Amino acid sequence: MLVGLLAPLVVYALVLALHVVLPARVVDGYVRGPEGRPLRYRLNGLAVYAAVLGLYATACRLGVVPWDFFWQHRVASALGAVGLRLVFTLVIVLPAPSTGRGLLAELYLGRLENPQWRGGVVDAKMALYLVGAVQLALNVVSFAAHQWVAHPDARSPGAVLHAALFVFFTSEYLVFEEVHLYTYDFFAERVGFKLGWGCLAFYPYFYAVGLWSAAAEPAPRSSPAWLVGCGGLFAAGWILSRGANLQKFWFKTEPKRKAFGVFAPEVVTDGERSLLVSGFWGLSRHVNYLGEVVMATGLALSLGRPSDPWPWLYPLYYVALLVPRERDDERRCASKYGELWGRYTARVPYRIVPFLY
Ligand code: NDP
């Protein structure tokens, strides 16, 4: 029990230490600090991710830990992550100056917007997302390994595909770490229980929900065509989500650049500010959210158990997260852009799903 409880602490400490010592690219973010200058960020997430996964694989090959270590300790390790998140919330929120809201609201939503330490060496949000991505990858690899170890006569290619897609999902997020600096989490969220819980506990443990049930079972019957179809669905969602995020990132950083060499940046403008209406941003106002749900559906189906309710919790969670988030973002943008937002919504009438919603 103790080993499992401490496991996330060891992983999180290792990630943080590697993040501090490994060389990093330093970039300007989208969010501005108190002096009006963009905040600076050190980006080395992919190197840290590769190093931790490499160390885990080496430890497994040498027999120091079993390949399904995080499966064997999954409950204790999830509890350890929840405990860490509680400590993190108290440490990050209580010493910071109050924003004037009640203490409970501040503990939940946070007080500080973009805390950084050691002169910007560590940014709280980047570190939280990195830790979450690494632990999620360790969990899915370990859970899929358990399926193979426990069922040598009924090994599931779907579990391997599922884990591989998650490794792709978490590592490609780190490839595009800089793009993440231009998202809602950075300009609209503070650091408290919600973000800490999300990154330290929910992201690494709940996202693996499909394998929590499937890794204990022998392989279901899934044809190669099924697996290819699930991979294709995931890829379609990825194109929508990553494509939209990249297009917006280029638009904010190089406004004249053609996205992917194809989409010229067509805009609605009030002379000062502009909103994209071409390419992905002409399909719906948050086609990237649709992409996330489609990717999650591909992941859920890849396990080959469409009648098992557990894997479906993952895409359902995205619907529950992103539908209200779109409404919040809409309110924020309507207030920020005023009349221009009205013109934009007339030009791009669908919120998330083109022609439907
Ligand atoms: P968006 O990337 O859609 O960002 C919304 C912001 O983009 C708006 O507030 C506005 O900000 C700007 N914007 C909106 N419309 C336009 C336009 N037409 N032209 C130019 N700028 C525009 O949303 P999020 O930040 O919420 O999400 C980022 C990504 O992260 C998405 O792909 C989302 O699906 C993903 N995500 C993933 C999660 C996960 O767990 N895997 C969880 C949550 C999100 P501004 O004021 O700068 O103009």
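The values are calculated or read from the model by the stated rules, or taken from the named source; none is laboratory data. Owing to the predicted nature of the structure, the values given are computational and were not obtained by experimental measurement. Every residue, glycine as well, gets a Cβ built from its backbone with ideal geometry; the counts of neighbours run over all protein chains shown.
Things worth noting here:
- Scope the stretch 232-247; condition surrounded by fewer than 17 Cβ atoms within 10 Å (Cβ to Cβ) and either charged (D, E, K, R) or more than 16 Å from the ligand (Cβ to nearest atom) (or both); matching residues: Gly232
- Scan of the stretch 91-116 for residues that are farther than 18 Å from Ala13 by Cβ and among the hydrophobic types (A, V, I, L, M, F, W, C), ordered by number: Val93, Leu94, Ala96, Leu103, Leu104, Ala105, Leu107, Leu109, Leu112
- Scanning the stretch 177-199 for residues that are assigned to a loop (DSSP other than H, G, I, E, B) and either of a type in the set (Val, Ile, Thr) or near the ligand (Cβ under 8 Å from one of its atoms) (or both) gives Tyr182, Thr183, Val191.
- Some residue of the stretch 90-103 being outside any loop (DSSP other than H, G, I, E, B) and either farther than 26 Å from Ala7 by Cα or modelled with pLDDT of 95 or more (or both): yes
- Residues within the stretch 325-339 that are within 10 Å of the ligand (Cβ to nearest atom) and surrounded by 14 or more Cβ atoms within 10 Å (Cβ to Cβ), tallied: 7
- Looking only at the stretch 285-309, and only at residues there that are within 24 Å of Trp212 (Cβ to Cβ) and aliphatic (A, V, I, L, M), the one that is surrounded by the fewest Cβ atoms within 10 Å (Cβ to Cβ): Val294
- Residue, farthest from Glu178 (Cα to Cα), within the stretch 105-137, restricted to residues that are charged (D, E, K, R) and touching a helix residue (DSSP H, G or I) at 6+ places or on another chain (Cβ under 9 Å): Glu106
- The single residue among Asp68, Asp28 that is at pLDDT 95 or above, among the charged types (D, E, K, R) and either in contact with a helix residue (DSSP H, G or I) (Cβ under 7 Å, 6 or more places away or on another chain) or within 16 Å of the ligand (Cβ to nearest atom) (or both) turns out to be Asp68.
- Checking each residue in the stretch 32-58 for being surrounded by fewer than 17 Cβ atoms within 10 Å (Cβ to Cβ) and either among the β-branched types (Val, Ile, Thr) or in contact with a Pro (Cβ under 8 Å, 6 or more places away or on another chain) (or both) picks out Arg32, Ala47, Thr58.
- Whichever residue in the stretch 85-121 is surrounded by fewer than 17 Cβ atoms within 10 Å (Cβ to Cβ) and touching a strand residue (DSSP E or B) at 6+ places or on another chain (Cβ under 7 Å) and, among such residues, is farthest from Val167 (Cα to Cα): Gly120
- All positions within the stretch 248-266 that are touching a helix residue (DSSP H, G or I) at 6+ places or on another chain (Cβ under 8 Å), in contact (Cβ under 8 Å) with a residue 12 or more places away in the chain and surrounded by fewer than 16 Cβ atoms within 10 Å (Cβ to Cβ): Phe260, Glu266
- Of all residues in the stretch 275-284 being in contact (Cβ under 8 Å) with a residue 40 or more places away in the chain and more than 6 Å from the ligand (Cβ to nearest atom), the one that is surrounded by the most Cβ atoms within 10 Å (Cβ to Cβ): Phe280
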